[in-house]
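Everything on this sheet refers to the single structure shown next.
The values are calculated or read from the model by the stated rules, or taken from the named source; none is laboratory data. Everything numeric in this text was worked out from a predicted model, so none of it was measured. FYI the Cβ positions are ideal-geometry reconstructions off the backbone, even for glycines, and counts take in every protein chain you see. Note: areas computed on protein heavy atoms with side chains; ligands, DNA, RNA excluded. Shrake-Rupley method; radii C 1.70, N 1.55, O 1.52, S 1.80 Å.
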Amino acid sequence: MEVIIQKDAEAAAKLAAALIERALRAKPSLVLGLATGATMAPIYAHLARLHREQNLDFSLCRTFNLDEYVGIPPDDPHSFRSFMDRHLFDLVNIDKRNTHIPDGMATDFREECLHYERLIEECGGIDLQLLGIGVDGHIGFNEPLSSLLSRTREKALTPATIAQNAKYFPSPAQVPRRGITMGVGTILESRECLLVATGIEKAEIVAKAVEGPITSMVTASALQLHPRCRVIVDEAAASRLQGIEYYRWIFENEPEWTEFR
Ligand code: GLP
């Protein structure tokens with residue numbers, strides 16, 4: 001893992017967008033794994049700006065989102081599909097037929113999950129997977145005790161996740177109890193991972209995921225097994241990391257980061 005500390009959430013989002021931009025310019029048909037949540041919104045705002053002002057081209061890009069709520073139709077404003085349309089897809093020149101999100105209204109979830117895995121494979125696998133982290137350490141909706149080899153499947157959400165996402169719904173009772181999510185095993189197969197976490201409420205779980213033992217109790221800790229995983233955090237989210245001085249030194253001194261300093 002490589003931990004990169006930025007001064008605040010805005011700088012973290014800008015750097016994450018710059019890394020995605022670099023990957024997309026290098027491979028216009030990039031297979032990009034996407035995530036939802038408050039941490040992702042400013043990253044997508046930067047990508048939309050790069051499209052508008054610097055012709056960042058999404059026309060050949062294929063995307064796969066990590067997860068979707070079960071029982072929420074795609075056109076419902078609370079669905080992750082609506083989130084993606086609002087924050088990114090409607091703002092860039094992506095072909096919506098190339099954007100994939102699990103179908104939370106599927107009649108046969110087992111078939112839908114197998115179909116999602118097949119689609120990823122047919123596209124040649126995910127080149128770069130963007131990830132947030134839940135306060136319970138989940139990536140996607142891989143809640144504590146998810147198998148670290150799991151594949152795309154339906155999953156019951158924990159009370160912590162329901163509470164964390166309640167702010168987006170009129171009342172906590174309306175937060176769906178289940179989601180469809182790529183598995184931890186699916187995520188680990190992407191060629192590169194980029195986890196972004198900002199804010200003091202993520203500090204403790206980031207320290208567990210990055211420096212703690214690999215455990216299904218914190219599924220983000222499985223990213224320690226990935227050969228190319230970067231973690232971008234702001235100062236607040238980095239504040240419980242034991243190796244903070246070392247991580248700062250790397251960003252300030254390693255030549256690969258020169259253009260981003
Ligand atoms: C949801 C998503 C996760 C995301 C998490 C964090 O639970 N399923 O993929 O990482 O939210 O969201 P936020 O960035 O709002 O803290």
Inset, instruction - Hey, can you tell me all the residues within segment 106-131 that are of a type in the set (S, T, N, Q) and in contact (Cβ under 8 Å) with a residue 24 or more places away in the chain? - result: GLN129
Legend entry - Qualifying residues in segment 95-105 (those that are more than 16 Å from the chain's Cα centre (by Cα), in contact (Cβ under 8 Å) with a residue 24 or more places away in the chain and open to solvent by 20 Å² or more (accessible area, probe 1.4 Å)) - the one nearest to SER221 (Cα to Cα): ASP103
Legend entry - Of all residues making up segment 24-43, the number that are surrounded by 17 or more Cβ atoms within 10 Å (Cβ to Cβ) and either of a type in the set (Phe, Trp, Tyr) or out of contact with any Lys or Arg (no Cβ under 6 Å at 6 or more places or on another chain) (or both): 12
Inset, instruction - Go through (1) open to solvent by less than 10 Å² (accessible area, probe 1.4 Å); (2) closer than 27 Å to LEU145 by Cα and name the single condition TRP257 misses. - result: (2)
Legend entry - Looking only at segment 200-225, and only at residues there that are in contact with a Ser or Thr (Cβ under 8 Å, 6 or more places away or on another chain) and part of a loop (DSSP other than H, G, I, E, B), the one that is most open to solvent (accessible area, probe 1.4 Å): PRO213
Inset, instruction - Assess whether GLU235 counts as being crowded, with 18+ Cβ neighbours inside 10 Å, over 18 Å from the mean Cα position of the chain (by Cα) and farther than 28 Å from GLY71 by Cβ. - result: yes
Inset, instruction - For ALA166, state whether it is out of contact with any Pro (no Cβ under 6 Å at 6 or more places or on another chain) and of a type outside the set (Asp, Glu). - result: no
Inset, instruction - Please name all residue pairs, on different chains or six or more residues apart, with Cβ atoms under 7 Å, provided the first residue is in segment 31-42 and is near the ligand (Cβ under 8 Å from one of its atoms) and the second residue is part of a loop (DSSP other than H, G, I, E, B). - result: ALA35/LEU66; ALA35/GLY132; GLY37/GLY132; THR39/GLY132; THR39/THR198; MET40/GLY132
Legend entry - So GLY104, is it within 16 Å of the ligand (Cβ to nearest atom) and at positive phi: no
Legend entry - Single unsatisfied condition, ILE162 versus (1) open to solvent by 60 Å² or more (accessible area, probe 1.4 Å); (2) under 24 Å from PRO77 (Cα atoms); (3) within 11 Å of the ligand (Cβ to nearest atom): (1)
Inset, instruction - Answer yes or no as to whether GLY134 is assigned to a loop (DSSP other than H, G, I, E, B), closer than 19 Å to ARG228 by Cα and either among the hydrophobic types (A, V, I, L, M, F, W, C) or touching a residue at least 24 places away in the same chain (Cβ under 8 Å) (or both). - result: no
Inset, instruction - Just name the residue that is farthest from the ligand (Cβ to nearest atom) out of those in segment 113-131 that are in a loop (DSSP other than H, G, I, E, B) and of a type outside the set (A, V, I, L, M, F, W, C). - result: GLY124
Inset, instruction - Could you tell me which residue of segment 176-191 is nearest to LEU114 (Cα to Cα), considering only residues that are open to solvent by less than 40 Å² (accessible area, probe 1.4 Å) and either of a type in the set (Phe, Trp, Tyr) or free of Cβ contacts under 8 Å to residues at least 60 places away in the same chain (or both)? - result: GLY183
